[in-house]
Amino acid sequence: MNKTLSNLITLATLIATPVFAASQEKLTVYTYSSFASDWGPGPKIEAEFEKFCACDLEFIALDDGVSVLNRLRLEGNNSEADILLGLDNNLMASAKKTGLLSEHNIDLSTIKMSTDWQDKTFVPFDYGYFAFVYNSEKLTNPPKSLKELVEQRDDLKIIYQDPRTSTPGLGLMLWMKSVYGDEVNQAWKQLAKKTITVTKGWSESYSMFLKGEADMVLSYTTSPAYHMIAEGKNQFQAASFTEGHYTQTEVAAVVKSSKHKKLANEFMSFILSDAFQSKIATGNWMYPVTDVALPEEFNQLVSPTKSLSFSSDEVAAKRKAWTKEWLISLTD
Amino acid sequence: MPLINPLTVFVRLLKPVQIPGLLLSIGIFLFVLVAVNALFAYSPVLEVTAILSDPYYRHITTFSFYQAALSTLLSVLFAIPISHALFRREFRGKALLLKLFATTLVLPVLVAVFGLLAIYGNSGVLAGIFEYFDSILPFSIFGLNGILLAHVFFNLPFACRLFLQALNAIPDKQHQLATHLGMKHWNKFRFVEWPQIVAQLPHAAGLIFMLCFSSFATVMALGGGPKSTTIELAIYQAIKFDFDLQTGALLALWQICICSVLAVFIQKLSRSSSLTANYQGPKNTFYHDSWLAKCWDFSWIIVISLLVIPPLLMVVIAGLNTQFFVVLTDIKFWLAFKNSLLIAFFAALIAVSCAFFILLASRQWRLIGLNGYADKIEMLATIILVTPGLVISTGLFLLLRDIGHFSSLALYIVIAVNALMALPFVLKSLSLPMLHNAQKYELLCASIGVFWWHRFYWVEWKALRRPILQALCLSFVLSVGDLSAIALFGSHNFSTLPLYLFQLLGSYQMQSAAVIALVLLVLSVGVFIVVEYLFKERRTQHD
């Protein structure tokens, strides 16, 4: 009996422990699932980086940007992650406050964005504007403003993402807040009437939209580029809203407890290289942050007249209260 | 006369064979306390009143009670005519139907949810029928509707079994007397059958209420929007979505309080009876059968068959689709499959071993009439019933996170929590057989000096092989289908079959989800069939 038991335990440990055969240094990057998926930019970027680093780059895919941060907070000082990739400007202050991230020493001068990027912890890797995407063959008169969508268009069915788990969802929450201010409760209630479902992550809602379950889905102004370039379809459009569009800048940071700091810093510089940035437009379907050439189709995209954003500190301070506002509006 | 210290009496009465069980029981209790406390340590102030002043938490508390009450009402109410009909009628396939009833409670929740979605979902069979007639499905399965439907699917058959067992316990004499007195349907129901059902009613209702109140996977899959969230799910959301440990701890404390009150209440309501798989009651004879009564009974039997059979059937039908081989050749499937088997196997082994030792201790007390001690030691080990599994796994992880990595710890924590969650059910199913065995052989063993290993092999194992293996199966199936212990740890790199199924459902890959649901169904039903088959073989060999 004892022998069988110990055999069983050995067997279990054998099966349970992953085998570390590779002697190469391994760089672990936590990111969101669509970045790391087969059709996302992850695999190409991994191949590019491994060409010269003599290392093994591994993406650990989590549901969404918020999950990436929460996973780090749960693991604390003993995280396996060397790099977090996929937090955004709204989460930066909360992420910094955990004290689990370290500063980088990357040359930021190649960044070409409308605002000057000076952050010592985070390096941006792409940016974009949230927008509701629709199929112009089915919907011929899209709303012209967020207010029109919320207050007048009872004929529309929409899908968006949960602000607690998804960065686009959080983006919509902040977009609504910046347009409606203190009257956001009423607006959420009106929006709830046209909401088919609130999904956990972006991928689920976008695939539901493509299956025809809703008229509009919360995504990015750049999403139509995917359909034009990858599928040759022109019917998918982003609705341009007169109030302006909420901006998202996606960022990466090095984890303080990382045991591969040197490699991690190499990866951080790699983020701003052409090899990485050139994969963004047609891989993650966002705007690159450096001066790499954009595909022609990007010229046909809606470009917001006004970009909205809250400061990351303000979001960190008020996110909880604003999320509660959203929750309560949806319960009655 | 010297004063006798109660502790000395306790120690003097304690036999060596009881010590491991006693230590285990206390160990498990402390283990749970420490894990829960680890989470509480992250929240400086724990004021349950804060929940009552927060409109959102007030809403989910009300919703938890509301959906549990409705689910219980529907399950218990419909179980009365259905069990009555099943009691009075014999028909082809009755035994099979009752076997199906027994599976609904141990069936992995998500498998049932998948089956229900395939029938009642937006693109399910029913929606297809409506579409054929150019109309649309008048309800949505997501939200309260779906939660109620799933809870009734799980618990109505369970309530039916409880009531049926009570009805089967009516002595022959009463049936004869009723016939002599010329009682017709209504009067016989009122004076003979109803009192039997009523005796079971509080216990059944209490149990079902508790199960629905702390339901997690069902609500996560079918509700989950802010409107239809239970406390159990809100704990998960606070921890996983917001990493708000303080709110998580607060809600956990709130849930533990409510569940403890409920548990005590149920305990007070009635002494529980154990469900047997044997439904052979006395031959039920009644001489005033009528065409109308037949119609009434069989329509109820049809109703319950329509509730239970189609979703299970759909799991099988939908599972055999074109994606079948694609999924089965996917490495992700095999990784999840491996994790599920590992977790379920070890959790079952741990749960049954713990239960065995704990029952060795408690039955010794029962033999000498100290039922109070016996109840208490068993209760210590079943504390998990009032503690959300997720809270324990989070607490454990926070305790251990400095000594190991997430991915290496996750597996062990999930095994431990699953073992804990299976333990109450194993204790319940093993306690009677073990007590009977002791009553039969305790004195014999003492007189011929059979102890320890010999006693285990020649007395316990020889007689209890079947219940032990059944308990192993039960805990295996419970663990293989569990979603609450793994929920926190799941990622695209570490998943189990239920979690993989949940991810696929979440991303609307219904075809692949169908395959996983079928695999889980086969796995959980198959284990029971294999064990049953093994025993049949053995018995024929012995004869």
- Message: Filter segment B:295-334 down to the residues that are charged (D, E, K, R) and buried (at least 19 other Cβ atoms within 10 Å of the Cβ) and list them by number.
- Response: B:D297
- Message: Among the residues that make up segment A:275-285, is at least one of them part of a strand (DSSP E or B) and under 25 Å from A:P163 (Cβ atoms)?
- Response: no
- In segment A:78-133, what count of residues is obtained for those that are of a type in the set (D, E) and under 30 Å from B:I403 (Cα atoms)? 3
- Of all residues in segment A:213-240, which are without any contact (Cβ under 8 Å) to a residue 24 or more places away in the chain and of a type in the set (G, A, S)? A:G232
- Message: Any residue that is surrounded by fewer than 14 Cβ atoms within 10 Å (Cβ to Cβ), away from every other protein chain (no Cβ under 14 Å) and part of a loop (DSSP other than H, G, I, E, B) - is there at least one of those in segment A:313-325?
- Response: no
- Would you mind finding the one in A:L149, A:L139 that is of a type in the set (A, V, I, L, M, F, W, C), more than 14 Å from chain B (Cβ to nearest Cβ) and in contact with a Pro (Cβ under 8 Å, 6 or more places away or on another chain)? A:L149
- Query: Before we move on, is A:A81 assigned to a loop (DSSP other than H, G, I, E, B) and either within 12 Å of chain B (Cβ to nearest Cβ) or closer than 28 Å to A:S311 by Cβ (or both)?
  - Reply: yes
- Item | Failed item in (1) within 14 Å of chain B (Cβ to nearest Cβ); (2) without any contact (Cβ under 8 Å) to a residue 24 or more places away in the chain, with A:T98 passing the rest | (2)
- Item | Residue among B:L497, B:L523, B:L504 that is within 14 Å of chain A (Cβ to nearest Cβ) and at pLDDT 80 or above | B:L504
- Scanning for something under 29 Å from A:V289 (Cβ atoms), assigned to a helix (DSSP H, G or I) and at pLDDT below 85, does segment A:28-50 turn up at least one residue? yes
- Note on the structure: Checked segment A:35-69 for anything of a type in the set (G, A, S), more than 11 Å from chain B (Cβ to nearest Cβ) and either touching a strand residue (DSSP E or B) at 6+ places or on another chain (Cβ under 7 Å) or under 30 Å from A:M173 (Cβ atoms) (or both); matches are A:G40, A:G42, A:G65
- Message: Name the single residue that is farthest from the other protein chains (Cβ to nearest Cβ) among those in segment B:384-411 being buried (at least 22 other Cβ atoms within 10 Å of the Cβ), under 21 Å from the mean Cα position of the chain (by Cα) and not in a loop (DSSP other than H, G, I, E, B).
- Response: B:G389
- Report whether or not A:N299 is more than 14 Å from chain B (Cβ to nearest Cβ), within 20 Å of A:M113 (Cα to Cα) and outside any loop (DSSP other than H, G, I, E, B). yes
- Enumeration of residues in segment B:125-148 that are touching a helix residue (DSSP H, G or I) at 6+ places or on another chain (Cβ under 7 Å) and touching a residue at least 40 places away in the same chain (Cβ under 8 Å): B:V125, B:I141, B:F142, B:L144, B:G146, B:I147, B:L148
- Does A:N284 fit the bill of being of a type outside the set (A, V, I, L, M, F, W, C) and surrounded by fewer than 19 Cβ atoms within 10 Å (Cβ to Cβ)? no
- Before we move on, is B:A381 buried (at least 18 other Cβ atoms within 10 Å of the Cβ), farther than 17 Å from B:G27 by Cα and more than 12 Å from chain A (Cβ to nearest Cβ)? no
- Note on the structure: Checked segment B:50-97 for anything aromatic (F, W, Y), under 30 Å from B:W186 (Cα atoms) and either part of a helix (DSSP H, G or I) or without any contact (Cβ under 8 Å) to a residue 24 or more places away in the chain (or both); matches are B:F78, B:F87
- Note on the structure: Selection from segment A:158-193 of residues of a type in the set (S, T, N, Q) and within 14 Å of chain B (Cβ to nearest Cβ) yields A:Q161, A:T165, A:S166, A:T167, A:N185
- Task: Scan segment A:130-155 for residues that are assigned to a helix (DSSP H, G or I) and either β-branched (V, I, T) or outside the structural domain of A:S178 (by TED's automatic domain parsing) (or both) and jot them down.
- Result: A:V150
- Among the residues of segment A:243-266, is there at least one that is more than 14 Å from chain B (Cβ to nearest Cβ), among the small types (G, A, S), crowded, with 22+ Cβ neighbours inside 10 Å and farther than 30 Å from B:L504 by Cβ? yes
- Residues located in segment B:116-144, provided they are among the polar types (S, T, N, Q) and more than 14 Å from chain A (Cβ to nearest Cβ): B:S135
- Query: How about segment B:221-238: which of its residues are within 11 Å of chain A (Cβ to nearest Cβ) and either modelled with pLDDT under 85 or over 18 Å from B:L499 (Cα atoms) (or both)?
  - Reply: B:G224, B:G225, B:P226, B:K227, B:S228, B:T229, B:A234, B:A238
- Message: Tell me whether segment B:474-488 contains one or more residues that are among the small types (G, A, S), in contact with a Leu (Cβ under 8 Å, 6 or more places away or on another chain), within 14 Å of chain A (Cβ to nearest Cβ) and under 30 Å from A:A36 (Cβ atoms).
- Response: yes
- Is segment A:66-76 home to any residue that is of a type outside the set (F, W, Y), out of contact with any Phe, Trp or Tyr (no Cβ under 7 Å at 6 or more places or on another chain), part of a strand (DSSP E or B) and surrounded by 22 or more Cβ atoms within 10 Å (Cβ to Cβ)? no
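The values are calculated or read from the model by the stated rules, or taken from the named source; none is laboratory data. Computed from a predicted model, the values in this text were never measured in an experiment. When we count neighbours, we look across all protein chains shown, and the Cβ atoms used for this are built from the backbone with ideal geometry, even at glycine.
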